[in-house]
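Single-structure report; data block below.
The values are calculated or read from the model by the stated rules, or taken from the named source; none is laboratory data. Note that the structure is predicted; figures quoted are calculated from it, not measured. With ideal geometry, Cβ positions are generated from the backbone for all residues, glycine too; neighbour counts draw on all protein chains shown.
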Amino acid sequence: MKTVVVSQRFQVTIPKRAREKLNITPGEKIGVIEKDGIIHLISIIDTSKPLRGNIF
């Protein structure tokens, strides 16, 4: 488990290893869910962007 620090503006940095593994890019939207005292960050899929690869 990585530890991050909350800035004075209540911002956190997603660790590089997690960003690379999940292919998170600048400007990408991330959902925030709190449940039972735990904060979950959920990657939001942008349906306006075409999917990579061939479907057929």
Discussion item. Based on this model, can you work out whether Arg17 counts as in a helix (DSSP H, G or I), at pLDDT below 95 and surrounded by fewer than 10 Cβ atoms within 10 Å (Cβ to Cβ)?
Written reply: yes
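This table checks each residue for (1) modelled with pLDDT of 95 or more; (2) surrounded by fewer than 10 Cβ atoms within 10 Å (Cβ to Cβ); (3) aliphatic (A, V, I, L, M).
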{"position": "Lys2", "(1), (2), (3)": "no, yes, no"}
{"position": "Ser7", "(1), (2), (3)": "yes, yes, no"}
{"position": "Leu22", "(1), (2), (3)": "no, no, yes"}
{"position": "Pro26", "(1), (2), (3)": "no, yes, no"}
{"position": "Lys35", "(1), (2), (3)": "yes, yes, no"}
{"position": "Ser43", "(1), (2), (3)": "no, no, no"}
{"position": "Leu51", "(1), (2), (3)": "no, yes, yes"}
